[in-house]
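Before any comments, here is the structure.
The values are calculated or read from the model by the stated rules, or taken from the named source; none is laboratory data. What you see is a predicted model, and the numbers here were worked out from it, not measured in a lab. So basically every Cβ, Gly included, is an ideal-geometry build from the backbone, and we count neighbours across all protein chains shown. Heads up: the accessible areas ignore ligands, DNA and RNA and are worked out on the full protein's heavy atoms, side chains in. Shrake-Rupley method; radii C 1.70, N 1.55, O 1.52, S 1.80 Å.
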Amino acid sequence: MKEFIENTIKKLVDKPEKVFVEESPYDDHTVEYRVEVDADDVGKVIGKKGKNVNAMRTILTALGAKDGKKATLHVIE
């Protein structure tokens with residue numbers, strides 16, 4: 001899932017070399033992903049009214065459900 005998030009976000013931003021995705025287990029059934037991008041690219045990742053980030057969260061929920069886990073996504077500003 002980390003690779004999916006990283007590849008998707010790199011296609012959205014102007015500075016893909018500054019994309020950093022950190023995966024950390026929250027508990028046995030939850031994985032948290034923290035995304036850091038360049039300050040100029042935060043708006044592109046979030047999208048209008050949060051549509052881009054919410055779409056990624058929806059896909060992560062579906063991917064996590066296949067593995068029996070819950071995935072959360074946080075964009076660090």
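For the range 36-43, 3J(HN,Hα) computed residue by residue from phi via the Karplus equation (6.51, -1.76, 1.60; θ = phi - 60°) reads 10, 9, 4, 4, 6, 9, 4, x Hz, glycine and proline entered as x.
If we count every other residue with Cβ under 9 angstrom of Glu32's Cβ, Lys/Arg +1 and Asp/Glu -1, where does the sum land?
So the surrounding residues net to -1.
Scalar couplings 3J(HN,Hα) for the range 27-34, obtained by applying the Karplus form with A = 6.51, B = -1.76, C = 1.60 to θ = phi - 60°, are 8, 5, 10, 10, 10, 10, 10, 10 Hz; x denotes Gly and Pro. Between Lys2 and His74, full extension at 0.36 nm per residue minus the direct alpha carbon distance yields a gain of 24.7 nm. Filter Lys2/Lys70; Lys11/Lys69; Lys18/Lys69 down to the pairs with a C-alpha to C-alpha distance above 19 Å, please. Violating the 19 Å limit, Cα to Cα: Lys11/Lys69; Lys18/Lys69. Here, P(r) means the percent of Cα pairs in each 5 Å bin from 0 to the largest distance; for the chain it is 3, 17, 28, 26, 15, 8, 2, 0. Once the piece of chain linking Lys11 and Ile59 is laid out straight, how much longer is it, given 0.36 nm per residue of separation minus the C-alpha distance between them? Contour length minus the Cα-Cα distance gives 15.7 nm.
What is the sum of charges, Lys and Arg at +1 and Asp and Glu at -1, for the other residues whose Cβ falls under 9 Å from the Cβ of Val21?
Within the 9 Å Cβ shell, the charges total -3.
Computed extension gain for Lys18 through Ala39, at 0.36 nm per residue and net of the alpha carbon distance, reaches 6.6 nm.
Only protein atoms count toward the accessible area here, which uses a 1.4 Å probe; on the chain, the carbon and sulfur part of that area reaches 51 percent. For every helix of n ≥ 4 consecutive DSSP H residues, a contribution of -39,500 (n - 2.57) applies; sum these over the chain, divide by its total residues, and give [θ] at 222 nm rounded to the nearest 500 deg cm²/dmol. Taken over the chain, the calculation gives -13000 deg cm²/dmol.
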